[in-house]
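Below is one structure, written out as C-alpha coordinates; the observations come after it.
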Amino acid sequence: METKNQKTIVCPYLPTEGIIDYVPESNAFMMAAKDQARKSNDHNTPTGAVIVSDGKIVSGEHNKAPISNPKLINLHKKYCIRKIFGIPSGHKYWLCPGCATNSSHAEYRVVLNLQKQGINNLNNPELYLWGHWWCCEPCWNKMMELGIKKVFLVEDSELLFERSSPSNIIGKQFA
Ligand SMILES: [Zn+2]
Ligand SMILES: [Zn+2]
(Lines give C-alpha, C1' and ligand atoms only; values in the text may rest on other atoms or scores of the structure.)
(Ligands and ions follow the chains in the order given, each with its own letter.)
Protein backbone atom coordinates (compact mmCIF):
# COMPACT_ATOMS: atom_id res chain seq x y z
CA MET A 1 0.00 0.00 0.00
CA GLU A 2 1.33 3.39 -0.97
CA THR A 3 0.93 5.98 1.73
CA LYS A 4 2.01 9.57 1.85
CA ASN A 5 4.68 8.67 4.35
CA GLN A 6 6.33 6.29 1.90
CA LYS A 7 6.49 8.92 -0.80
CA THR A 8 10.12 9.95 -1.09
CA ILE A 9 10.17 13.15 0.89
CA VAL A 10 13.78 13.46 1.90
CA CYS A 11 14.02 15.64 4.96
CA PRO A 12 17.35 17.47 5.27
CA TYR A 13 17.51 15.91 8.72
CA LEU A 14 15.72 12.98 10.35
CA PRO A 15 17.11 10.92 13.22
CA THR A 16 17.01 7.13 12.90
CA GLU A 17 14.25 6.80 15.50
CA GLY A 18 12.33 9.80 14.18
CA ILE A 19 9.04 9.39 12.34
CA ILE A 20 7.30 11.99 10.21
CA ASP A 21 3.62 11.56 9.47
CA TYR A 22 1.09 13.73 7.67
CA VAL A 23 -2.39 14.99 8.51
CA PRO A 24 -4.76 17.31 6.68
CA GLU A 25 -4.72 20.93 7.78
CA SER A 26 -8.26 20.41 9.11
CA ASN A 27 -6.91 18.09 11.82
CA ALA A 28 -7.85 19.66 15.17
CA PHE A 29 -4.32 19.44 16.60
CA MET A 30 -2.85 20.86 13.39
CA MET A 31 -5.33 23.73 13.52
CA ALA A 32 -4.15 24.43 17.06
CA ALA A 33 -0.54 24.44 15.82
CA LYS A 34 -1.53 26.90 13.09
CA ASP A 35 -3.19 29.14 15.70
CA GLN A 36 0.12 29.16 17.56
CA ALA A 37 1.91 30.19 14.35
CA ARG A 38 -0.39 33.21 14.04
CA LYS A 39 1.21 34.60 17.21
CA SER A 40 4.72 34.47 15.76
CA ASN A 41 6.65 37.70 15.12
CA ASP A 42 8.50 35.92 12.31
CA HIS A 43 6.37 37.16 9.46
CA ASN A 44 8.40 35.38 6.84
CA THR A 45 8.22 31.84 8.16
CA PRO A 46 5.82 31.70 11.10
CA THR A 47 5.62 28.24 12.63
CA GLY A 48 3.57 26.78 15.45
CA ALA A 49 3.82 23.55 17.40
CA VAL A 50 1.69 21.69 19.91
CA ILE A 51 2.55 18.61 21.93
CA VAL A 52 -0.20 16.05 22.35
CA SER A 53 -0.30 13.34 24.99
CA ASP A 54 -3.25 11.08 25.85
CA GLY A 55 -5.36 12.85 23.25
CA LYS A 56 -4.85 16.27 24.81
CA ILE A 57 -2.73 19.30 23.97
CA VAL A 58 -0.27 19.76 26.82
CA SER A 59 1.83 22.61 25.40
CA GLY A 60 1.80 25.06 22.49
CA GLU A 61 4.36 27.50 21.14
CA HIS A 62 5.30 29.58 18.10
CA ASN A 63 8.72 30.41 16.70
CA LYS A 64 10.39 33.74 17.30
CA ALA A 65 12.22 35.88 14.79
CA PRO A 66 15.89 36.02 15.79
CA ILE A 67 15.96 39.67 14.71
CA SER A 68 12.98 42.00 14.42
CA ASN A 69 14.52 45.32 13.43
CA PRO A 70 13.65 45.83 9.71
CA LYS A 71 17.07 47.36 8.98
CA LEU A 72 18.84 44.35 10.43
CA ILE A 73 16.52 42.00 8.54
CA ASN A 74 17.49 43.67 5.25
CA LEU A 75 21.14 43.61 6.19
CA HIS A 76 20.86 39.92 6.93
CA LYS A 77 19.28 39.27 3.52
CA LYS A 78 22.44 40.64 1.91
CA TYR A 79 25.03 39.44 4.35
CA CYS A 80 23.89 36.18 5.89
CA ILE A 81 27.11 34.57 7.10
CA ARG A 82 25.81 31.08 6.38
CA LYS A 83 24.90 32.05 2.82
CA ILE A 84 28.32 33.60 2.29
CA PHE A 85 29.96 30.34 3.37
CA GLY A 86 27.47 28.21 1.43
CA ILE A 87 26.18 26.35 4.50
CA PRO A 88 23.25 24.14 3.46
CA SER A 89 19.81 24.55 4.98
CA GLY A 90 19.50 23.02 8.43
CA HIS A 91 23.16 23.34 9.40
CA LYS A 92 25.27 25.58 11.58
CA TYR A 93 22.71 28.24 12.42
CA TRP A 94 25.01 29.31 15.23
CA LEU A 95 27.43 30.73 12.63
CA CYS A 96 25.10 33.61 11.82
CA PRO A 97 23.40 35.82 14.41
CA GLY A 98 20.73 36.72 11.86
CA CYS A 99 19.74 33.13 11.26
CA ALA A 100 17.08 31.51 13.35
CA THR A 101 18.86 29.83 16.20
CA ASN A 102 17.34 26.50 17.11
CA SER A 103 16.21 27.91 20.46
CA SER A 104 13.83 30.24 18.62
CA HIS A 105 12.16 27.37 16.72
CA ALA A 106 8.61 26.44 17.73
CA GLU A 107 9.49 22.75 18.30
CA TYR A 108 12.34 23.67 20.61
CA ARG A 109 10.34 26.24 22.57
CA VAL A 110 7.30 24.03 23.03
CA VAL A 111 9.45 21.31 24.64
CA LEU A 112 11.33 23.84 26.77
CA ASN A 113 7.98 25.14 28.06
CA LEU A 114 7.20 21.76 29.57
CA GLN A 115 10.73 21.21 30.87
CA LYS A 116 10.59 24.56 32.68
CA GLN A 117 7.48 23.29 34.45
CA GLY A 118 9.33 20.11 35.38
CA ILE A 119 7.17 18.01 33.07
CA ASN A 120 9.22 15.25 31.44
CA ASN A 121 7.29 12.02 31.84
CA LEU A 122 4.44 12.37 29.35
CA ASN A 123 2.74 9.29 27.99
CA ASN A 124 3.60 8.85 24.29
CA PRO A 125 4.02 12.55 23.47
CA GLU A 126 3.71 13.54 19.80
CA LEU A 127 4.32 16.90 18.17
CA TYR A 128 2.26 18.69 15.53
CA LEU A 129 4.16 21.27 13.53
CA TRP A 130 2.57 23.81 11.22
CA GLY A 131 4.54 26.06 8.88
CA HIS A 132 7.58 23.98 8.01
CA TRP A 133 8.26 20.62 6.38
CA TRP A 134 11.05 19.13 8.48
CA CYS A 135 12.76 19.63 11.83
CA CYS A 136 16.41 20.52 12.36
CA GLU A 137 18.83 18.41 14.39
CA PRO A 138 18.84 20.55 17.56
CA CYS A 139 15.02 20.51 17.57
CA TRP A 140 14.89 16.71 17.16
CA ASN A 141 17.43 16.35 19.97
CA LYS A 142 15.28 18.58 22.16
CA MET A 143 12.12 16.63 21.27
CA MET A 144 13.86 13.31 22.04
CA GLU A 145 14.67 14.61 25.55
CA LEU A 146 10.91 14.50 26.13
CA GLY A 147 10.50 11.16 24.35
CA ILE A 148 8.90 12.62 21.22
CA LYS A 149 9.62 10.34 18.28
CA LYS A 150 6.74 11.25 16.01
CA VAL A 151 6.12 14.59 14.33
CA PHE A 152 2.99 15.33 12.33
CA LEU A 153 3.16 17.78 9.46
CA VAL A 154 0.51 19.17 7.14
CA GLU A 155 0.04 17.13 3.99
CA ASP A 156 2.09 18.65 1.14
CA SER A 157 4.21 20.64 3.61
CA GLU A 158 7.25 20.00 1.45
CA LEU A 159 5.54 21.97 -1.34
CA LEU A 160 3.71 24.59 0.73
CA PHE A 161 6.56 25.59 3.02
CA GLU A 162 9.60 25.15 0.77
CA ARG A 163 10.86 28.31 -0.87
CA SER A 164 12.09 26.54 -4.01
CA SER A 165 8.69 24.95 -4.64
CA PRO A 166 6.55 26.78 -7.23
CA SER A 167 3.42 26.15 -5.14
CA ASN A 168 4.82 27.48 -1.86
CA ILE A 169 2.64 29.76 0.27
CA ILE A 170 5.50 31.51 2.07
CA GLY A 171 4.55 35.12 2.73
CA LYS A 172 0.83 34.38 2.37
CA GLN A 173 0.45 31.58 4.92
CA PHE A 174 -2.67 33.06 6.50
CA ALA A 175 -4.26 34.47 3.36
ZN1 LIG B 1 22.08 34.10 8.37
ZN1 LIG C 1 14.61 23.57 14.52
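The values are calculated or read from the model by the stated rules, or taken from the named source; none is laboratory data. Since this is a predicted model, take the numbers as computed values, not measurements. Cβ placement follows ideal geometry from the backbone for every residue including glycine, while neighbour counts extend to all protein chains displayed.
Structural remarks
- Taking the range 1-109 and the helices (runs of 4 or more DSSP H) fully enclosed by it, the elements with 3 or more residues that are crowded, with 19+ Cβ neighbours inside 10 Å are at 28-37.
- Hits in the range 115-138 (condition: crowded, with 20+ Cβ neighbours inside 10 Å and in contact with a strand residue (DSSP E or B) (Cβ under 9 Å, 6 or more places away or on another chain)): Pro125, Leu127, Tyr128, Leu129, Trp130, Gly131, His132, Trp133, Trp134, Cys135
Yes or no, residue by residue, for (1) without any contact (Cβ under 8 Å) to a residue 60 or more places away in the chain; (2) more than 15 Å from ligand 2 (Cβ to nearest atom); (3) not assigned by TED's automatic domain parsing to the domain that holds Ile19:
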residue: Ala49; (1), (2), (3): no, no, no
residue: Gly55; (1), (2), (3): yes, yes, no
residue: Lys77; (1), (2), (3): yes, yes, yes
residue: Pro88; (1), (2), (3): no, no, yes
residue: Tyr93; (1), (2), (3): yes, no, yes
residue: Gln115; (1), (2), (3): yes, yes, no
residue: Asn120; (1), (2), (3): yes, yes, no
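- Of the residues making up the range 139-156, those that are outside any loop (DSSP other than H, G, I, E, B) and crowded, with 21+ Cβ neighbours inside 10 Å are Cys139, Trp140, Lys142, Met143, Val151, Phe152, Leu153, Val154.
- Residue that is of a type outside the set (Lys, Arg), over 17 Å from the mean Cα position of the chain (by Cα), closer than 16 Å to Asn44 by Cα and away from ligand 1 (no atom under 16 Å from the Cβ), where the choices are Ser164, Ser157: Ser164
- Only residues that are without any contact (Cβ under 8 Å) to a residue 60 or more places away in the chain, surrounded by 13 or more Cβ atoms within 10 Å (Cβ to Cβ) and of a type in the set (Ser, Thr, Tyr) were counted across the range 157-175, and they come to 1.
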